[in-house]
Amino acid sequence: MLKKIILWFCIILIITAVIAGYFAYTWTYKPNVSLGQDTFKIIYIPTGSTYEDVLRILTENNILENPESFNRLAEFKKYKSRIKPGKYKIQNNANNNDLIKMLRSGKQETITFTFTNIRKKEELISRVGKKLEADSVELTKLMNDNEWLKQNFGMSSETIISLFIPNTYEFNWNTSAKEFLKRMQTEYKKFWTAERKQKAKQLNMTQTQVSILASIVQSEQLAFPDERPIIAGLYLNRLKIGMCLQSDPTIIYAMGDFSIRRVLDKYKNFDSPYNTYKCTGLPPGPIYIPEISSIDAVLNYQKNDYLYMCAKEDFSGRHNFAKTLAQHNLNARKYQMALNAQKVWR
(Lines give C-alpha, C1' and ligand atoms only; values in the text may rest on other atoms or scores of the structure.)
Protein backbone atom coordinates (compact mmCIF):
# COMPACT_ATOMS: atom_id res chain seq x y z
CA MET A 1 0.00 0.00 0.00
CA LEU A 2 2.80 2.38 0.94
CA LYS A 3 4.54 1.65 -2.34
CA LYS A 4 1.40 2.60 -4.27
CA ILE A 5 1.08 5.88 -2.37
CA ILE A 6 4.73 6.72 -3.06
CA LEU A 7 4.25 5.81 -6.74
CA TRP A 8 1.20 8.02 -7.10
CA PHE A 9 2.97 10.80 -5.26
CA CYS A 10 5.88 10.57 -7.70
CA ILE A 11 3.48 10.51 -10.64
CA ILE A 12 1.75 13.63 -9.35
CA LEU A 13 5.12 15.35 -8.84
CA ILE A 14 6.16 14.51 -12.37
CA ILE A 15 2.85 15.75 -13.80
CA THR A 16 3.13 18.93 -11.73
CA ALA A 17 6.70 19.45 -12.89
CA VAL A 18 5.69 18.91 -16.51
CA ILE A 19 2.84 21.38 -16.19
CA ALA A 20 5.07 23.90 -14.41
CA GLY A 21 7.74 23.38 -17.02
CA TYR A 22 5.23 23.89 -19.78
CA PHE A 23 4.04 27.19 -18.31
CA ALA A 24 7.61 28.26 -17.60
CA TYR A 25 8.54 27.48 -21.19
CA THR A 26 5.44 29.30 -22.44
CA TRP A 27 6.17 32.40 -20.35
CA THR A 28 9.78 32.39 -21.49
CA TYR A 29 10.05 31.18 -25.07
CA LYS A 30 6.63 31.25 -26.69
CA PRO A 31 6.23 34.29 -28.99
CA ASN A 32 4.36 36.99 -27.09
CA VAL A 33 4.79 39.99 -29.37
CA SER A 34 2.02 40.32 -31.91
CA LEU A 35 2.31 43.25 -34.33
CA GLY A 36 0.09 42.04 -37.13
CA GLN A 37 1.63 42.88 -40.52
CA ASP A 38 4.40 44.99 -38.98
CA THR A 39 7.83 43.42 -38.64
CA PHE A 40 8.79 45.70 -35.76
CA LYS A 41 7.62 48.64 -33.67
CA ILE A 42 9.61 51.42 -32.01
CA ILE A 43 8.87 52.39 -28.41
CA TYR A 44 10.40 55.08 -26.21
CA ILE A 45 10.94 54.58 -22.49
CA PRO A 46 11.52 58.00 -20.87
CA THR A 47 14.13 58.60 -18.19
CA GLY A 48 12.71 57.95 -14.72
CA SER A 49 10.14 55.43 -15.92
CA THR A 50 8.89 52.74 -13.54
CA TYR A 51 8.03 49.18 -14.44
CA GLU A 52 4.38 50.18 -14.45
CA ASP A 53 5.22 52.85 -17.03
CA VAL A 54 6.95 50.26 -19.22
CA LEU A 55 4.01 47.89 -18.98
CA ARG A 56 1.67 50.76 -19.89
CA ILE A 57 3.80 51.71 -22.91
CA LEU A 58 3.83 48.09 -24.13
CA THR A 59 0.09 47.77 -23.61
CA GLU A 60 -0.80 51.08 -25.25
CA ASN A 61 1.22 50.08 -28.29
CA ASN A 62 -0.60 46.72 -28.47
CA ILE A 63 2.67 44.84 -28.32
CA LEU A 64 2.00 42.07 -25.79
CA GLU A 65 -0.33 39.21 -26.60
CA ASN A 66 -0.25 38.02 -23.00
CA PRO A 67 0.75 40.79 -20.56
CA GLU A 68 0.44 38.47 -17.55
CA SER A 69 3.11 36.05 -18.78
CA PHE A 70 5.42 38.99 -19.49
CA ASN A 71 4.74 40.34 -16.01
CA ARG A 72 5.56 37.00 -14.35
CA LEU A 73 8.86 36.59 -16.22
CA ALA A 74 9.79 40.24 -15.62
CA GLU A 75 9.41 39.65 -11.90
CA PHE A 76 11.41 36.42 -12.05
CA LYS A 77 14.25 38.07 -13.98
CA LYS A 78 14.20 41.10 -11.67
CA TYR A 79 13.56 43.46 -14.59
CA LYS A 80 11.18 45.52 -12.50
CA SER A 81 14.11 47.08 -10.62
CA ARG A 82 16.35 47.46 -13.69
CA ILE A 83 14.42 49.80 -15.97
CA LYS A 84 16.62 51.51 -18.55
CA PRO A 85 15.33 54.41 -20.65
CA GLY A 86 15.81 54.62 -24.38
CA LYS A 87 14.51 53.94 -27.85
CA TYR A 88 13.80 50.25 -28.42
CA LYS A 89 13.02 48.25 -31.54
CA ILE A 90 10.51 45.52 -30.74
CA GLN A 91 10.53 42.65 -33.24
CA ASN A 92 7.31 40.90 -34.19
CA ASN A 93 6.90 37.39 -32.70
CA ALA A 94 9.60 38.03 -30.09
CA ASN A 95 9.25 36.00 -26.90
CA ASN A 96 9.23 37.37 -23.37
CA ASN A 97 12.77 36.23 -22.68
CA ASP A 98 14.25 38.08 -25.67
CA LEU A 99 12.14 41.17 -25.00
CA ILE A 100 13.08 41.40 -21.32
CA LYS A 101 16.71 40.63 -22.06
CA MET A 102 16.86 43.54 -24.52
CA LEU A 103 15.03 45.99 -22.26
CA ARG A 104 17.01 45.03 -19.16
CA SER A 105 20.37 45.34 -20.94
CA GLY A 106 19.49 48.76 -22.35
CA LYS A 107 20.30 47.60 -25.88
CA GLN A 108 18.56 50.46 -27.62
CA GLU A 109 18.42 51.86 -31.13
CA THR A 110 20.58 54.92 -31.76
CA ILE A 111 19.32 58.18 -33.20
CA THR A 112 21.01 59.51 -36.34
CA PHE A 113 21.22 63.27 -36.10
CA THR A 114 22.39 65.52 -38.94
CA PHE A 115 22.28 69.27 -38.55
CA THR A 116 22.95 71.65 -41.42
CA ASN A 117 21.54 74.99 -42.62
CA ILE A 118 21.04 76.37 -39.13
CA ARG A 119 21.34 80.08 -38.38
CA LYS A 120 20.39 80.48 -34.74
CA LYS A 121 20.54 78.64 -31.44
CA GLU A 122 16.78 78.43 -31.34
CA GLU A 123 16.73 76.42 -34.58
CA LEU A 124 19.35 74.02 -33.27
CA ILE A 125 17.56 73.57 -29.94
CA SER A 126 14.29 72.90 -31.76
CA ARG A 127 15.88 70.21 -33.91
CA VAL A 128 17.55 68.56 -30.92
CA GLY A 129 14.25 68.54 -29.04
CA LYS A 130 12.56 66.74 -31.93
CA LYS A 131 15.25 64.07 -32.09
CA LEU A 132 16.38 63.46 -28.51
CA GLU A 133 14.87 63.28 -25.06
CA ALA A 134 17.08 66.25 -24.08
CA ASP A 135 14.81 68.89 -22.58
CA SER A 136 14.59 71.98 -24.83
CA VAL A 137 14.03 74.27 -21.85
CA GLU A 138 17.14 72.91 -20.12
CA LEU A 139 19.20 73.15 -23.30
CA THR A 140 18.06 76.75 -23.83
CA LYS A 141 19.00 77.60 -20.26
CA LEU A 142 22.46 76.06 -20.58
CA MET A 143 23.19 77.69 -23.93
CA ASN A 144 22.36 81.10 -22.50
CA ASP A 145 24.22 80.70 -19.19
CA ASN A 146 27.40 82.68 -19.86
CA GLU A 147 29.12 81.66 -16.63
CA TRP A 148 28.48 77.94 -17.15
CA LEU A 149 29.49 78.16 -20.82
CA LYS A 150 32.72 79.95 -19.95
CA GLN A 151 33.64 77.40 -17.29
CA ASN A 152 32.87 74.37 -19.43
CA PHE A 153 33.61 75.48 -22.99
CA GLY A 154 35.40 78.81 -22.83
CA MET A 155 32.56 80.31 -24.87
CA SER A 156 29.63 82.69 -24.42
CA SER A 157 25.96 82.54 -25.32
CA GLU A 158 26.80 84.36 -28.56
CA THR A 159 29.70 82.11 -29.56
CA ILE A 160 28.50 78.71 -28.29
CA ILE A 161 26.98 77.91 -31.68
CA SER A 162 30.54 77.63 -33.03
CA LEU A 163 30.88 74.48 -30.88
CA PHE A 164 28.71 72.55 -33.35
CA ILE A 165 30.45 71.04 -36.35
CA PRO A 166 27.85 70.01 -38.96
CA ASN A 167 28.03 66.29 -39.55
CA THR A 168 26.02 63.13 -39.00
CA TYR A 169 26.16 61.85 -35.42
CA GLU A 170 24.66 58.95 -33.52
CA PHE A 171 23.12 59.44 -30.09
CA ASN A 172 21.14 57.43 -27.63
CA TRP A 173 17.64 58.85 -27.61
CA ASN A 174 17.76 59.42 -23.83
CA THR A 175 20.75 61.78 -24.11
CA SER A 176 20.34 64.72 -21.71
CA ALA A 177 20.96 68.38 -22.53
CA LYS A 178 24.33 68.39 -20.72
CA GLU A 179 25.36 65.09 -22.29
CA PHE A 180 24.50 66.48 -25.73
CA LEU A 181 26.70 69.55 -25.23
CA LYS A 182 29.56 67.48 -23.82
CA ARG A 183 29.37 65.15 -26.82
CA MET A 184 29.51 68.12 -29.17
CA GLN A 185 32.55 69.38 -27.28
CA THR A 186 34.24 66.02 -27.88
CA GLU A 187 33.48 66.23 -31.60
CA TYR A 188 34.68 69.86 -31.66
CA LYS A 189 38.03 68.85 -30.17
CA LYS A 190 38.38 66.04 -32.71
CA PHE A 191 37.71 68.46 -35.55
CA TRP A 192 40.17 71.08 -34.38
CA THR A 193 43.32 69.12 -35.12
CA ALA A 194 46.80 70.45 -34.46
CA GLU A 195 47.03 71.36 -38.14
CA ARG A 196 43.84 73.41 -38.10
CA LYS A 197 44.84 75.12 -34.86
CA GLN A 198 48.19 76.05 -36.39
CA LYS A 199 46.52 77.55 -39.46
CA ALA A 200 44.22 79.61 -37.23
CA LYS A 201 47.26 80.81 -35.30
CA GLN A 202 48.90 81.89 -38.54
CA LEU A 203 45.83 84.00 -39.24
CA ASN A 204 46.17 85.47 -35.75
CA MET A 205 42.65 84.25 -35.05
CA THR A 206 41.06 82.06 -32.39
CA GLN A 207 39.07 78.98 -33.37
CA THR A 208 35.90 80.87 -32.56
CA GLN A 209 36.90 83.81 -34.73
CA VAL A 210 37.58 81.44 -37.61
CA SER A 211 34.08 80.01 -37.18
CA ILE A 212 32.54 83.49 -37.10
CA LEU A 213 34.24 84.48 -40.33
CA ALA A 214 33.38 81.08 -41.86
CA SER A 215 29.72 81.67 -41.01
CA ILE A 216 29.79 84.94 -42.97
CA VAL A 217 31.63 83.35 -45.88
CA GLN A 218 29.06 80.55 -46.04
CA SER A 219 26.13 82.96 -45.78
CA GLU A 220 27.53 84.84 -48.77
CA GLN A 221 27.96 81.65 -50.78
CA LEU A 222 25.61 78.76 -49.99
CA ALA A 223 25.48 77.19 -53.44
CA PHE A 224 29.08 77.08 -54.68
CA PRO A 225 31.67 76.05 -52.04
CA ASP A 226 34.51 76.57 -54.54
CA GLU A 227 34.03 80.35 -54.20
CA ARG A 228 34.37 80.32 -50.42
CA PRO A 229 38.21 80.46 -50.27
CA ILE A 230 38.08 83.52 -52.57
CA ILE A 231 35.51 85.24 -50.34
CA ALA A 232 37.52 84.32 -47.25
CA GLY A 233 40.61 85.93 -48.78
CA LEU A 234 38.61 89.07 -49.58
CA TYR A 235 37.32 89.43 -46.02
CA LEU A 236 40.74 88.74 -44.53
CA ASN A 237 42.06 91.57 -46.72
CA ARG A 238 39.43 93.89 -45.23
CA LEU A 239 40.21 92.82 -41.68
CA LYS A 240 43.91 93.50 -42.21
CA ILE A 241 43.32 97.11 -43.21
CA GLY A 242 40.57 97.78 -40.66
CA MET A 243 37.86 98.08 -43.29
CA CYS A 244 34.27 97.16 -42.43
CA LEU A 245 33.30 93.75 -43.77
CA GLN A 246 30.06 95.22 -45.19
CA SER A 247 28.42 91.82 -45.44
CA ASP A 248 24.72 91.88 -46.38
CA PRO A 249 23.96 88.58 -44.56
CA THR A 250 25.07 90.12 -41.25
CA ILE A 251 22.42 92.83 -41.62
CA ILE A 252 19.76 90.27 -42.50
CA TYR A 253 20.78 88.25 -39.44
CA ALA A 254 20.70 91.33 -37.23
CA MET A 255 17.24 92.29 -38.47
CA GLY A 256 16.00 88.69 -38.17
CA ASP A 257 14.13 88.89 -41.47
CA PHE A 258 15.49 86.13 -43.66
CA SER A 259 13.01 86.85 -46.44
CA ILE A 260 15.02 89.93 -47.46
CA ARG A 261 16.49 89.51 -50.94
CA ARG A 262 17.74 93.05 -51.43
CA VAL A 263 19.60 94.94 -48.72
CA LEU A 264 18.56 98.57 -49.05
CA ASP A 265 20.65 101.53 -47.89
CA LYS A 266 18.23 102.21 -45.04
CA TYR A 267 18.87 98.73 -43.65
CA LYS A 268 22.57 99.52 -43.36
CA ASN A 269 21.85 101.91 -40.49
CA PHE A 270 20.23 99.18 -38.40
CA ASP A 271 21.66 99.42 -34.90
CA SER A 272 23.26 96.08 -34.03
CA PRO A 273 26.76 94.76 -33.25
CA TYR A 274 26.10 92.30 -36.07
CA ASN A 275 25.78 95.12 -38.62
CA THR A 276 29.16 94.96 -40.35
CA TYR A 277 28.38 98.09 -42.34
CA LYS A 278 28.60 100.11 -39.12
CA CYS A 279 30.96 98.02 -37.00
CA THR A 280 34.53 97.10 -37.87
CA GLY A 281 35.95 93.66 -37.23
CA LEU A 282 33.98 90.49 -36.71
CA PRO A 283 30.47 90.39 -35.21
CA PRO A 284 30.06 88.95 -31.67
CA GLY A 285 29.21 85.47 -32.88
CA PRO A 286 28.52 83.28 -35.90
CA ILE A 287 25.51 84.14 -38.07
CA TYR A 288 25.28 80.55 -39.28
CA ILE A 289 26.60 77.18 -38.17
CA PRO A 290 29.40 76.96 -40.74
CA GLU A 291 30.03 73.75 -42.61
CA ILE A 292 33.43 72.08 -42.46
CA SER A 293 34.11 73.30 -46.00
CA SER A 294 33.50 76.89 -44.90
CA ILE A 295 35.82 76.65 -41.89
CA ASP A 296 38.49 75.08 -44.07
CA ALA A 297 37.91 77.80 -46.69
CA VAL A 298 38.98 80.36 -44.11
CA LEU A 299 41.94 78.29 -42.91
CA ASN A 300 43.00 77.67 -46.51
CA TYR A 301 41.89 81.00 -47.97
CA GLN A 302 42.91 82.14 -51.42
CA LYS A 303 45.48 84.91 -51.35
CA ASN A 304 44.12 87.66 -53.57
CA ASP A 305 43.85 91.45 -53.82
CA TYR A 306 40.06 91.60 -53.81
CA LEU A 307 38.27 94.02 -51.52
CA TYR A 308 34.82 93.96 -53.10
CA MET A 309 32.27 91.44 -54.27
CA CYS A 310 28.79 91.54 -55.73
CA ALA A 311 26.34 88.87 -56.83
CA LYS A 312 26.39 88.28 -60.57
CA GLU A 313 23.59 89.87 -62.54
CA ASP A 314 22.66 86.51 -64.12
CA PHE A 315 21.39 85.26 -60.73
CA SER A 316 23.61 82.20 -61.07
CA GLY A 317 24.52 82.44 -57.41
CA ARG A 318 28.12 83.29 -58.18
CA HIS A 319 29.92 86.60 -57.64
CA ASN A 320 31.88 89.27 -59.44
CA PHE A 321 35.01 90.21 -57.51
CA ALA A 322 36.82 93.54 -57.74
CA LYS A 323 40.03 95.10 -56.49
CA THR A 324 38.85 98.69 -56.82
CA LEU A 325 35.74 100.56 -55.75
CA ALA A 326 35.26 101.85 -59.31
CA GLN A 327 35.07 98.33 -60.71
CA HIS A 328 32.83 97.25 -57.86
CA ASN A 329 30.39 100.07 -58.54
CA LEU A 330 30.07 98.92 -62.14
CA ASN A 331 29.37 95.35 -60.99
CA ALA A 332 26.91 96.57 -58.38
CA ARG A 333 25.07 98.66 -60.93
CA LYS A 334 24.60 95.65 -63.20
CA TYR A 335 23.16 93.62 -60.33
CA GLN A 336 20.86 96.44 -59.21
CA MET A 337 19.50 96.79 -62.73
CA ALA A 338 18.87 93.04 -62.84
CA LEU A 339 16.99 93.22 -59.53
CA ASN A 340 14.91 96.10 -60.87
CA ALA A 341 14.09 94.11 -63.97
CA GLN A 342 12.92 91.23 -61.77
CA LYS A 343 11.00 93.70 -59.56
CA VAL A 344 12.85 92.67 -56.45
CA TRP A 345 12.42 95.68 -54.20
CA ARG A 346 13.37 94.24 -50.81
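In order along the range 294-307, phi translates into HN-Hα couplings of 6, 5, 5, 5, 6, 5, 10, 4, 7, 6, 8, 10, 6, 10 Hz, rounded to whole numbers, per the Karplus curve 6.51 cos²θ - 1.76 cosθ + 1.60 with θ = phi - 60° and x for Gly and Pro.
Cross-link partners for residue 268 among the lysines, with Cα-Cα distance under 29 Å and sequence neighbours closer than 8 places in the same chain left out: 120, 121, 240, 278, 303, 312, 323, 334, 343. Near the amide H of residue 86, within less than 5 Å, lie the amide hydrogens of 45, all on another chain or at least 5 residues away, with H placed in the peptide plane. Between the helical axis of 325-341 and the longest alpha-carbon principal axis of the chain there is an angle of about 60 degrees.
Compute the long axis of helix 67-76 from its Cα atoms, compare it with the longest principal axis of the Cα atoms of the chain, and write down the angle in degrees, 0 to 90, nearest 10. Roughly 90 degrees, rounded to the nearest 10. Would you mind classifying the range 176-217 by shape? Square roots of the alpha carbon gyration tensor eigenvalues, ordered a ≥ b ≥ c; an a/c under 1.5 is rounded, otherwise it is prolate if a/b is larger than b/c and oblate if not. It comes out oblate by the Cα gyration axes.
With all protein chains kept in place, the per residue accessible area of the chain amounts to 55 square angstrom at a probe of 1.4 angstrom. Within the straight-line cut-off of under 18 Å between alpha carbons, the lysines reachable from residue 107 are 41, 77, 78, 80, 84, 87, 89, sequence neighbours fewer than 8 places apart in one chain being disregarded. Distances between placed amide hydrogens fall under 5 Å for residue 40 paired with 92, all partners being 5 or more residues away or on another chain. Expressed as a whole percent, the accessible area of the chain that falls on carbon and sulfur atoms is 52 (1.4 Å probe).
When both the range 294-335 and the range 55-79 are represented by their alpha-carbon centers, they are found 65 Å apart. How far, in degrees from 0 to 90, does helix 2-29 lean away from the longest principal axis of the Cα atoms of the chain, to the nearest 10? That works out to roughly 10 degrees. Residues whose amide H lies under 5 Å from that of residue 95, counting only those 5 or more places away or on a different chain, are 32; hydrogens are built 1.01 Å from N in the peptide plane.
Taking a Cβ cut-off of under 14 Å around residue 30, the surrounding Lys, Arg, Asp and Glu residues balance to a net charge of -2, with basic ones at +1 and acidic ones at -1.
The values are calculated or read from the model by the stated rules, or taken from the named source; none is laboratory data. Remember, predicted model here, so these are calculated numbers, not experimental data. We place every Cβ from the backbone using ideal geometry, glycine too, and count neighbours over all the protein chains shown. Just the protein is used for accessible areas: all its heavy atoms, side chains included, with ligands, DNA and RNA removed. Shrake-Rupley method; radii C 1.70, N 1.55, O 1.52, S 1.80 Å.
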